[in-house]
1. When you go through (1) of a type in the set (Lys, Arg); (2) more than 25 Å from residue 185 (Cα to Cα); (3) touching a Phe, Trp or Tyr at 6+ places or on another chain (Cβ under 6 Å) one by one for residue 45, which number turns out not to apply?
2. Run down 174, 109, 113, 124 and say which single residue is within 9 Å of the ligand (Cβ to nearest atom) and touching a helix residue (DSSP H, G or I) at 6+ places or on another chain (Cβ under 8 Å).
3. Which residues, taken from the range 37-69, are open to solvent by 20 Å² or more (accessible area, probe 1.4 Å), over 13 Å from residue 12 (Cα atoms) and either out of contact with any Leu (no Cβ under 9 Å at 6 or more places or on another chain) or in a helix (DSSP H, G or I) (or both)?
4. Filtering the range 55-69 down to residues that are under 16 Å from the mean Cα position of the chain (by Cα) and near the ligand (Cβ under 9 Å from one of its atoms), which residue is farthest from residue 175 (Cα to Cα)?
5. Counting only residues that are open to solvent by less than 70 Å² (accessible area, probe 1.4 Å) and either within 18 Å of residue 81 (Cβ to Cβ) or without any contact (Cβ under 8 Å) to a residue 24 or more places away in the chain (or both), how many does the range 133-146 have?
6. Do we find that residue 116 is buried (at least 16 other Cβ atoms within 10 Å of the Cβ), modelled with pLDDT of 95 or more and outside any strand (DSSP E or B) in this structure?
7. Quick check on residue 131: is it within 12 Å of the ligand (Cβ to nearest atom), under 17 Å from the mean Cα position of the chain (by Cα) and assigned to a strand (DSSP E or B)?
8. In the range 177-213, which residue that is open to solvent by 100 Å² or more (accessible area, probe 1.4 Å) and within 10 Å of the ligand (Cβ to nearest atom) is farthest from residue 152 (Cα to Cα)?
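The values are calculated or read from the model by the stated rules, or taken from the named source; none is laboratory data. What you are looking at is a predicted structure, and each value in this text was computed from that prediction instead of being measured. All Cβ positions, even for glycine, are placed from backbone atoms using ideal geometry, and neighbour counts span all protein chains on display. These area figures cover heavy atoms from the full protein model, side chains too; ligands, DNA and RNA do not enter into them. Shrake-Rupley method; radii C 1.70, N 1.55, O 1.52, S 1.80 Å.
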Amino acid sequence: MLQKFFDERKRMVEHQLRARGIYDARVLAAFETTPRHLFMPPALRKLAYEDHPHPIGFGQTISQPYIVAYMIQALELTGAERVLEVGTGSGYQTALLSALALEVHSIELIPALADRAEQTLTDLGVNNVFIHIGDGSQGWLESVPYDAIIVSAAAPHVPKSLLEQLSDHGRMILPIGVSEFQELELWRREGDAYLQEVLLPVTFVRLRGKEGYE
Ligand code: SAH
């Protein structure tokens, strides 16, 4: 069984990531070593390395591997960063970030998802992740500023609080838009200026909360 997951994971990295233009060697290595199946409900684990998002309960999903890789690669992590993740969900993306950055703060609105993700990460021996329960549309003030911010749910417009919590030269990637019309946006802070780039059409669940969809 373990060998099967290992082989499937290698195939996922080759066919879904490298062949589609994911080139960052550190990102590819993190996907090769992170056991995505352990972040999925037991009944769905056999589908873990397929090219899709999957349900994780509470109406939420674990994102498609390619989209997770694309978003993380855009953050250009070197290993020295403090990262904020909004929408822990299964904790899969959190685990990848923990391998690529110094420290990860991850906020999840649904306590049961946060608890499960934290347990999975602890079982895997991850020790540079801090899971917080709350409304991440307003960021997480206690550990500002962040060198990188990644949001896993779509907001109607860019949350101002998140922009303010970026460090100078910090980067943020997030889906923006309503229902089926969403685009990934990459923001970069340069002093008091914010540079925006629109990257890719996507489909995410809604970001709830004060600066999301109430
Ligand atoms: N990256 C995750 C994707 C989870 S789906 C994974 O790979 O599993 C998006 C998550 O965002 C859901 O768990 C949802 O509960 C959470 N979410 C939605 N609005 C939120 C908010 N305002 N603050 C924190 N989490 C939120």
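1. (3)
2. Result: 109 is the single residue among 174, 109, 113, 124 that is within 9 Å of the ligand (Cβ to nearest atom) and touching a helix residue (DSSP H, G or I) at 6+ places or on another chain (Cβ under 8 Å).
3. Keep residues of the range 37-69 that are open to solvent by 20 Å² or more (accessible area, probe 1.4 Å), which gives 38, 41-47, 50-53, 55, 57-61, 63-64, 66-67.
Restricting the remaining residues to those that are over 13 Å from residue 12 (Cα atoms) gives 38, 41-46, 53, 55, 57-61, 63.
Listed by number, the residues that qualify are 38, 41, 42, 43, 44, 45, 46, 53, 59, 61, 63.
4. Step one: list which residues in the range 55-69 are under 16 Å from the mean Cα position of the chain (by Cα), which gives 55-56, 60-69.
Filter once more, keeping what is near the ligand (Cβ under 9 Å from one of its atoms): 56, 60-63, 68.
Numbers: 56: 20, 60: 15, 61: 15, 62: 15, 63: 12, 68: 12 Å.
The extreme case among them is 56.
5. 7
6. Working: buried (at least 16 other Cβ atoms within 10 Å of the Cβ): yes; modelled with pLDDT of 95 or more: yes; outside any strand (DSSP E or B): yes.
Here the answer is yes, as residue 116 does meet what is asked.
7. Working: within 12 Å of the ligand (Cβ to nearest atom): yes; under 17 Å from the mean Cα position of the chain (by Cα): yes; assigned to a strand (DSSP E or B): yes.
Yes.
8. Looking at residues that are open to solvent by 100 Å² or more (accessible area, probe 1.4 Å) and within 10 Å of the ligand (Cβ to nearest atom), I get 210.
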